Amino acid sequence: MDEIERQMSDAKAANIDVSWLQAHLEAIHISNKCNLLMEMKSNTILVNRAAQMDLRERCAELVAALQQFQQAERCVRVLHLVEKNLNDNILESKAIIDSWEQSKRSVAATKVRQSDQAEGEELVEESKDDKKGSQDVGALLLCSLLAENNLEKMR
């Protein structure tokens, strides 16, 4: 096309009437421009369709990612509750163990007190026996002293 326009310029320069040819070349230019525009429109439609398909795919990926995110978030919440439950159970178990050990110590202390009390009662009984024995011995001594004293008086 450029070659035809160059030759037409050369013909004009040679004073040849090429105006009729110029109108046809302009029609060809308009036709070519229209063809180019139609081709661009066709290409744009194809690219638009490809972009829409890509958009749908990305949207589907986004929905899947959102579902995965929600599932992961749910898992984190569940694991947090499990951890809290475990902590509560651990604290409860420790409290039970502490209570059991305290009860065990209390029972042992009670047994020691009972044992000490029993020993104390035995000592009191022994002491009473000792006192009675001492009193008996003392009474015997007193009686023997009185008896000796009475004998001396009688002599």
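The values are calculated or read from the model by the stated rules, or taken from the named source; none is laboratory data. All values reported here derive from a predicted model rather than from experimental measurement. In this analysis, Cβ positions are derived from the backbone assuming ideal geometry, glycine residues included, and neighbour counts consider all displayed protein chains.
Observations
- One residue alone among Leu141, Leu81 is in a helix (DSSP H, G or I), modelled with pLDDT under 65 and not small (Gly, Ala, Ser), and that residue is Leu141.
- Any hit, the stretch 35-44, residues being surrounded by 10 or more Cβ atoms within 10 Å (Cβ to Cβ) and under 53 Å from the mean Cα position of the chain (by Cα): yes
- Matching option when the condition is surrounded by 10 or more Cβ atoms within 10 Å (Cβ to Cβ), acidic (Asp, Glu) and in contact with a helix residue (DSSP H, G or I) (Cβ under 9 Å, 6 or more places away or on another chain), among Glu26, Glu61, Glu5: Glu5
- Residues of the stretch 12-23 that turn out to be surrounded by 13 or more Cβ atoms within 10 Å (Cβ to Cβ) and part of a helix (DSSP H, G or I), as a count: 3
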